[in-house]
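Q: One structure, pasted below without further comment.
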Amino acid sequence: MGSTFENIQSSFWIAIWFVFLTFPLMVIKVNTIDQIIEWRFQNMIWVGLSIFFLSFAWRKLMQIKEAGKKDRKFHLFLLQRVNIKQKYYSQIVFIVILLGVGFPYIVSAYQINIITTAMIYVVLGLGLNIVVGLAGLLDLGYVAFYAVGAYAYALLNYHFQINFWFALPICGLLSAIFGVLLGFPVLRLRGDYLAIVTLGFGEIIRLILENWNAFSFGPSGIANIPRPPLAGLESNIQTASIGMYYLMVFMVLFTIFMVNRLQNSRIGRAWLALREDEIACQAMGIDRTKTKLLAFALGATWAGLMGAFFAAKTTFINPACFTFLESAIILSIVVLGGMGSILGVILAAFILILLPEYLRAFSEYRMLIFGASMVLMMVFRPQGLISHVSKHYQIPGKKDET
Amino acid sequence: MLSETFSETVLYFVELFIGGLTRGSIYALIALGYTMVYGIIELINFAHGEIYMIGAFIALIVSGIMTMLGYAGLSVFFTAMLVAVLYSSAYGYTLEKIAYKPLRNAPRLSPLISAIGMSIFLQNYVMLAQTSDFMPFPPLIPDFECLSLIDYMIGGPELVILITTVVVMVSLSILIKFTRIGKAMRATAQDKTMAMLVGVDINRMISITFIIGSALAAIAGVLIASHVGQINFFIGFIAGIKAFTAAVLGGIGSIAGAVLGGLVLGLTESFATGYVSSDYEDVFAFALLVLILIVRPSGLIGRKISQKV
């Protein structure tokens, strides 16, 4: 730990380095058409000053992180402690439920819509959590299944006027079939190869939707997708969004229930084992391909269901809704939340979706802040918001070491 | 009559072939950065495409200033290239220090998320600092006169791209095979702890890898931008994905594999666009990747890594 003077000195040099680094892009702006060079020297001062102070914060945070490594107690984030003790669990759950039920009567339709969107991402995150967090398969093309679900509902409705409730299971099933179709050839690949193939698959689906005009109406997309029929609620936009909200609350609860059950089931344990060590897992008699395919198909099913919900909520979809950025955001939700931890995924989904929404005031800078916060989060808390605590047996008479 | 259509067919084929080679060389140059970084720290550097884009932007700024000051010809090209390479290397170096170095011992997915975040950040940074529109990029590489006889087949820019790629590949191979730095880099890639024990400065080697990779990306960026004629802040994304595909296609971690993968990908895209349909260009690229990985799970010439128990 250096003295204050040394800190100031090194921060100064870091600031100088960044001023140099950002000089051409931040200061000079060339207009090749009018042959004008615009010099924006004030930016230089801004960059220098902000980097100077940020480097202090960076150093401080690094120190805290280092200290945290030595002191294991520090590792336990506030919420995680709650998770372990389970003392306040019922109270918190009660408050959340109360808030969840009463929410639409407190706030405007706009807020309800945002929260509904965030809940779609909660379910997507939990679905991807099965694939990435539990089974340990890196999937960068998750959005493809989401797109399949959304287009399945939109097209079924357009051509055959199939009702949302009948289309929903078809969407899930279709996505699952796509998951198996993709999974079958690629699941013997190693992690990073799997990542790029799934990424490629996501792009293929999007490009086909964009170019196959006769099938998917191309880039212009499909409009006027009906909302789910809910005892007449769907006729008015205000009540429809409230209906959608409750539907999503139900879906989130259902998903949490399912994922929780799955996690502790025979198949869930097989996934965890597969993630930790494939060879040992095979030696124990677990069918590798079948287990992986099941994870892929189940993850895809949730994406497909959510796709249908998304289409019904926005009433308009086009291929631009399903870009790689979506996959990246869903994956970030899983990793940011702490892989395999349900509470973490929910929290991360709300943060990642609501943060850009409420940053709309700085709409120009919101993606910049979003990217930067992803980096910072990973640097200072790589295990995610709430790291998954695996179940362990405690030997009676011995102290708990977690 | 018949011979004329025949020669036209051949010409078309040659045109597509050279187009594919040019495109493939660019992919190969960017793919090298991916493959080197992956080889040394097993990280998919998602922000690599952004380094390539920044290189192109810096070259645009430098060449813009120089043109207004009255310079012309190859001097502009070389200065712009030099500055772009310098700055991109600096960006690559800083990127590693901020986003990857603190994560060296973190869970495997964390650096990947950090890389995706960095990629989003850099894209928006360039968009805000410069512009979100497409910028016209001056043709820095002139059409050489000596090529006028065969310019229906190959133009100046294509030739320069091909030659530069070959020169860069050869010097990179020499660097990695025969120099001290190259040996240290290979040692780091094989076993970090062991390399450290025999006195290799690992952090320095990783930095050098990032610097070399970024420099190659900048070269690719300047070359392709002056060939295509326009850039914007988003060009890094698709080029990055394609180049990564190329690296995986050849077998990630292998230098020769990146080159081979790049060329195969470029040629496939070129022929598919020319003979089938230009709408599905990217679909062909990814479909090829899936097909090859099914047959050869570790890429065209990737080493088979046996699992340790």
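The values are calculated or read from the model by the stated rules, or taken from the named source; none is laboratory data. Here the structure is a predicted model, which means the values were calculated and not measured. Positions of Cβ are generated from backbone atoms using ideal geometry, with glycine treated the same way; all protein chains shown enter the neighbour counts.
Q: Would you pick out the residues in segment A:114-164 that are in a helix (DSSP H, G or I) and free of Cβ contacts under 8 Å to residues at least 40 places away in the same chain?
A: Across segment A:114-164, the qualifying residues are A:LEU156, A:HIS159, A:PHE160.
Q: Oh, and also: For segment B:282-303: of the residues being charged (D, E, K, R) and more than 7 Å from chain A (Cβ to nearest Cβ), which is surrounded by the most Cβ atoms within 10 Å (Cβ to Cβ)?
A: B:ARG296
Q: Let me ask something additional. Give B:ILE40, B:ILE30 a once-over and let me know the one that is under 24 Å from the mean Cα position of the chain (by Cα), assigned to a helix (DSSP H, G or I) and surrounded by fewer than 24 Cβ atoms within 10 Å (Cβ to Cβ).
A: Of B:ILE40, B:ILE30, the one residue that is under 24 Å from the mean Cα position of the chain (by Cα), assigned to a helix (DSSP H, G or I) and surrounded by fewer than 24 Cβ atoms within 10 Å (Cβ to Cβ) is B:ILE40.
Q: Turning to a different aspect of this structure: Taking the condition at pLDDT 90 or above, touching a Leu at 6+ places or on another chain (Cβ under 8 Å), crowded, with 18+ Cβ neighbours inside 10 Å and part of a helix (DSSP H, G or I), does B:ALA59 pass?
A: Spelling it out, B:ALA59 is indeed at pLDDT 90 or above, touching a Leu at 6+ places or on another chain (Cβ under 8 Å), crowded, with 18+ Cβ neighbours inside 10 Å and part of a helix (DSSP H, G or I).
Q: So B:THR165 clears everything in (1) hydroxyl-bearing (Ser, Thr, Tyr); (2) within 14 Å of chain A (Cβ to nearest Cβ); (3) within 30 Å of B:LEU74 (Cβ to Cβ) except one condition, right? Which one?
A: Result: B:THR165 fails condition (2) only.
Q: Related question: Taking B:PHE46 as meeting all but one of (1) in a helix (DSSP H, G or I); (2) at the interface with chain A (Cβ under 9 Å from one of its Cβ atoms); (3) buried (at least 24 other Cβ atoms within 10 Å of the Cβ), write down the number of the exception.
A: Going through the list (1) in a helix (DSSP H, G or I); (2) at the interface with chain A (Cβ under 9 Å from one of its Cβ atoms); (3) buried (at least 24 other Cβ atoms within 10 Å of the Cβ), B:PHE46 breaks only (1).
Q: Okay, moving on. For segment B:120-134, name all the residues that are assigned to a helix (DSSP H, G or I) and within 7 Å of chain A (Cβ to nearest Cβ).
A: Result: B:ILE120, B:PHE121, B:ASN124, B:TYR125, B:VAL126, B:LEU128, B:ALA129.
Q: Filter segment A:207-220 for residues that are more than 9 Å from chain B (Cβ to nearest Cβ) and assigned to a helix (DSSP H, G or I); which is surrounded by the most Cβ atoms within 10 Å (Cβ to Cβ)?
A: Ranking the candidates gives A:LEU209 first.
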